[in-house]
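The values are calculated or read from the model by the stated rules, or taken from the named source; none is laboratory data. Since we're looking at a predicted model, the values are computed, not measured. A quick note on method: Cβ atoms are made from the backbone with ideal geometry, for glycine too, and the neighbour counts reach across all protein chains shown.
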Amino acid sequence: MKISTHQYLGHLTLKLVLLKILVLLFCNTTIYSQTAENNQKELTVLIAKAFIDVQTGKTIMNPVVYIREGKIEKIGSGLEIPTSAKIIDLSGKYILPGLIDAHTHLCHEYHGELERVSGANTIAETVKLTEGDRALLGAKYAREMLLSGYTSVRDLGNSGTNSSVALRDAINKGWVMGPRLFVSTRAISPIGGQFSKMAPEMQNLIVSKEYVEINNSDEARRAVRQAIYDGADCIKIIVNNDKLVLSEEELTTIVEEAKRAGVKVAAHATNGDGPSLLAVKAGVNSIEHAYTISADVLKLMSEKNIYLVPTDASGVERYQKRIQRALAANVKIAFGSDLYYYNPQTTRGQIAVGSYRSYKESGMTNLQILQSATMHPGILLAGEGKIGLLQNGYFADIIASDENPLDNIRTLENVVFIMKGGDVIKNIGN
Ligand SMILES: [Zn+2]
């Protein structure tokens, strides 16, 4: 038997009142659970006040989402609700796709007080922490990200040799809680990685734990193959560090080899246009940071469908102007938090959601911010049809907010419901 949404809501009112009383009595409104893979054949139906279609910018009232085996089977306004279905009632809330962060370092923690000598912090972390320590540190930050609404993140190095792979696999097995991870393993870089200068006899030992240094195209090819073998989902390259810049030949080889393996390339590029232009010409998939990139290079990025991943802080005029140039050039923006500082006052997830304020200051509309937080990184990380939108066949990665984020983007700083792959991670009720 099937009943209409309206009839169903009528039947449910009394039940909901009783349930709310129970929930208040126990005062524990948050539920955490994450399975290795949600194979639930039974139908779950989620109802909400409205659905934010981040692709069109429309607010669609009375959405009904059919969820089965961790994916969205069907989504539409006012669909019938089978009586046999398990119901998740968010009828006072706005639903949208889970948030995505395209640039994190979950297995890395920077303590400013150690930095009395330049580079001391990263050297201490690399030398003192085991791979196990780094993976467990990553477990802490992965959980924090998920609990702020990030259902997918891309982890771009500074994660020891392979800690991010161990972390990704542990999340996928349901051992620890976290977003679905797309990891790069060690970044491929010029000599020295991103470490400050150190004694030559120490370089090999320390640098190679965090970076793979290359000096010609054969080494570039080997580095990509090593990353794939180690379990990388994508390749991270450091195009420039200080005066050292990878060559055109090395970059072209990296992109060619990555394409052959079907993985994408994320390019760290700073310091004006030079490094970005080299990476864009080689055909990477995203440029990270590019704080001062020019309109000309941005135009080329737009033509080649290369994403910009701005990792911006608030109040920096040159970052804001660069976002405006990127928007004018129609470059797709994918949000990247790039957080690694230790901060005992809050969680990394909360700082990440707060970072949308810098995009707002840069003149992005709420819809543009939402697209940079969901749809654009969704395609950049996973290709079409998997994450970043709420459509048939996508993973059931869903968050909910009290207000319409198209009216108030800061409502994302306090999401009230989180579902990852059909598993309810947090639900503070209707
Ligand atoms: Zn970074």
Handout entry: Pair list, Cβ under 9 Å, 6 or more apart: region 281-309 residue on the phi > 0 side of the Ramachandran plot, other residue hydroxyl-bearing (Ser, Thr, Tyr) and away from the ligand (no atom under 16 Å from the Cβ)
Key = Gly283/Thr252
Problem - Number of the condition not met by Ala120 [criteria: (1) among the small types (Gly, Ala, Ser); (2) closer than 22 Å to Lys420 by Cα; (3) away from the ligand (no atom under 16 Å from the Cβ)] - result: (2)
Problem - Options Glu80, Glu73, Glu42, Glu69; residue that is at positive phi and at pLDDT 90 or above - result: Glu69
Exercise for the section: Return only the number of the condition from (1) within 16 Å of the ligand (Cβ to nearest atom); (2) at pLDDT below 90; (3) of a type in the set (Val, Ile, Thr) that Thr104 does not satisfy. Expected result: (2)
Completion exercise
Scanning region 268-321 residue by residue, those aliphatic (A, V, I, L, M), in a helix (DSSP H, G or I), more than 16 Å from the ligand (Cβ to nearest atom) and over 18 Å from Met364 (Cβ atoms) turn out to be Leu277, Leu278, Val280, Ala282, Val297, Leu300
Exercise for the section: Return the only residue of Ser84, Ser91, Ser118 being in a loop (DSSP other than H, G, I, E, B) and within 29 Å of Thr44 (Cβ to Cβ). Expected result: Ser84
Handout entry: Residue count, region 95-116 (criterion: among the acidic types (Asp, Glu) and in contact (Cβ under 8 Å) with a residue 12 or more places away in the chain)
Key = 2
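The rows are residues; the columns are (1) buried (at least 24 other Cβ atoms within 10 Å of the Cβ); (2) closer than 30 Å to Val245 by Cα; (3) in contact (Cβ under 8 Å) with a residue 24 or more places away in the chain.
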site: Thr151; (1), (2), (3): yes, no, yes
site: Leu156; (1), (2), (3): yes, yes, yes
site: Ser164; (1), (2), (3): yes, yes, yes
site: Leu167; (1), (2), (3): yes, no, yes
site: Lys173; (1), (2), (3): no, no, yes
site: Pro179; (1), (2), (3): yes, no, yes
site: Val183; (1), (2), (3): yes, yes, yes
site: Ile188; (1), (2), (3): yes, yes, yes
site: Phe195; (1), (2), (3): no, yes, yes
Practice task
Please list, ordered by first then second residue, the pairs with beta carbon atoms under 8 Å, 6 or more apart or interchain, first in region 402-430 and among the hydroxyl-bearing types (Ser, Thr, Tyr), second in a loop (DSSP other than H, G, I, E, B) and surrounded by fewer than 22 Cβ atoms within 10 Å (Cβ to Cβ).
Solution key: Thr411/Asp402; Thr411/Glu403; Thr411/Asn404
Practice task
Could you tell me whether any residue of region 127-136 is assigned to a helix (DSSP H, G or I), within 16 Å of the ligand (Cβ to nearest atom) and of a type outside the set (S, T, N, Q)?
Solution key: yes
Handout entry: Set Glu113, Glu73: member being surrounded by fewer than 22 Cβ atoms within 10 Å (Cβ to Cβ), in a strand (DSSP E or B) and either more than 16 Å from the chain's Cα centre (by Cα) or away from the ligand (no atom under 16 Å from the Cβ) (or both)
Key = Glu73
Practice task
Please report, ordered by residue number, the strands (runs of 3 or more DSSP E) entirely within region 147-220 with at least 3 residues that are under 27 Å from Ala382 (Cβ atoms).
Solution key: 150-155, 180-183, 187-189
Completion exercise
Of (1) closer than 18 Å to Phe417 by Cβ; (2) within 16 Å of the ligand (Cβ to nearest atom), Ser148 satisfies every one except (2)
Handout entry: Number of the condition not met by Gly78 [criteria: (1) crowded, with 18+ Cβ neighbours inside 10 Å; (2) closer than 30 Å to Leu367 by Cβ; (3) touching a His at 6+ places or on another chain (Cβ under 9 Å)]
Key = (1)
